[in-house]
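These notes are about the structure you will find just below.
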Amino acid sequence: MTPNREDYLKLIFELGGDVKKINNKQIVAGLNVSAASVSEMISKLVKEDLVEHSPYQGVQLTERGLRKASTLIRKHRLWEVFLVEHLNYSWNEVHDDAEVLEHVTSKTLENRLANYLNSPQFCPHGGVIPEDNQPVHEKSRQTLIDYPINTKIRIARVLDEKDLLDYLMSIDLKIHEEYIITEIAAYEGPVTIKNNEKELAISYKAASTIFVDQSLESED
Ligand SMILES: [Zn+2]
């Protein structure tokens, strides 16, 4: 499936593009598209006043872009919760169907769905579900590559991207789990994390799209 402009807006948001500049390389990795397609779409988004682009730095959502992204994210994430909680989808299966559903969801359906689900705050990937007509503010913003060795971390959120989620299922990494970073290989090599049950070497690319909170209890 070729990503459309909504997918770009959502990804830019998920990478933190409401508060900072996101570079093309991150978008290429997040959407699995070519650098040329990214540049082409960015110019369209700039023309529509949805993002601001600074040469060599990247793009950031405008207020209009953030509003548009928030509505899409709310619908998308509400459907994800519904599919996982009521139709037994797993977290790597929900994306495509939530993607289709978000585009055909009216305001009435969106709000009835939210009521039916008791206004959930997070999607199955740990993303914040914004309130009706409110801009979304993501809580966890640091990724696994932002911390040094020996940091105790908790998996807070992952990018809602099929290949990443399949990979995380295959290595058995789940949201809310706690680990210690035990090794960071040089030259963008894997990041190794460990807890009492398992030890996982996570590719640098995946690690840069896994958002973590620092666990506050210290480890003796
Ligand atoms: Zn999600």
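Taken together, the values in this text are just the output of simple stated rules run on the coordinates, not laboratory data. Note that the coordinates shown come from a computational prediction; the quantities given were computed from them, not determined experimentally. For neighbour counting, all protein chains shown are included, and Cβ atoms are generated from backbone atoms with ideal geometry for every residue, glycine included.
General remarks:
- Matching entry among Leu72, Leu117, Leu109 (being within 14 Å of the ligand (Cβ to nearest atom) and surrounded by fewer than 19 Cβ atoms within 10 Å (Cβ to Cβ)): Leu117
- A residue that is polar (S, T, N, Q), in contact with a Ser or Thr (Cβ under 8 Å, 6 or more places away or on another chain) and either assigned to a helix (DSSP H, G or I) or more than 23 Å from Ala29 (Cα to Cα) (or both) can be found somewhere in region 149-161.
- Scanning region 100-128 for residues that are within 25 Å of Leu15 (Cα to Cα) and in contact with a helix residue (DSSP H, G or I) (Cβ under 7 Å, 6 or more places away or on another chain) yields Leu101, Glu102, Thr105, Glu110, Ala114, Pro120, Cys123, Pro124, Gly127.
Let's see how each residue does on (1) touching a residue at least 40 places away in the same chain (Cβ under 8 Å); (2) away from the ligand (no atom under 16 Å from the Cβ):
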position	(1), (2)
Asp132	yes, yes
Leu144	yes, yes
Val158	yes, no
Ala185	no, yes
Asn195	no, yes
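So that you can scan it fast, the table gives a plain yes or no per residue for (1) on the phi > 0 side of the Ramachandran plot; (2) not in a helix (DSSP H, G or I):
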position	(1), (2)
Glu52	no, yes
Leu78	no, no
Asn118	yes, yes
Pro124	no, yes
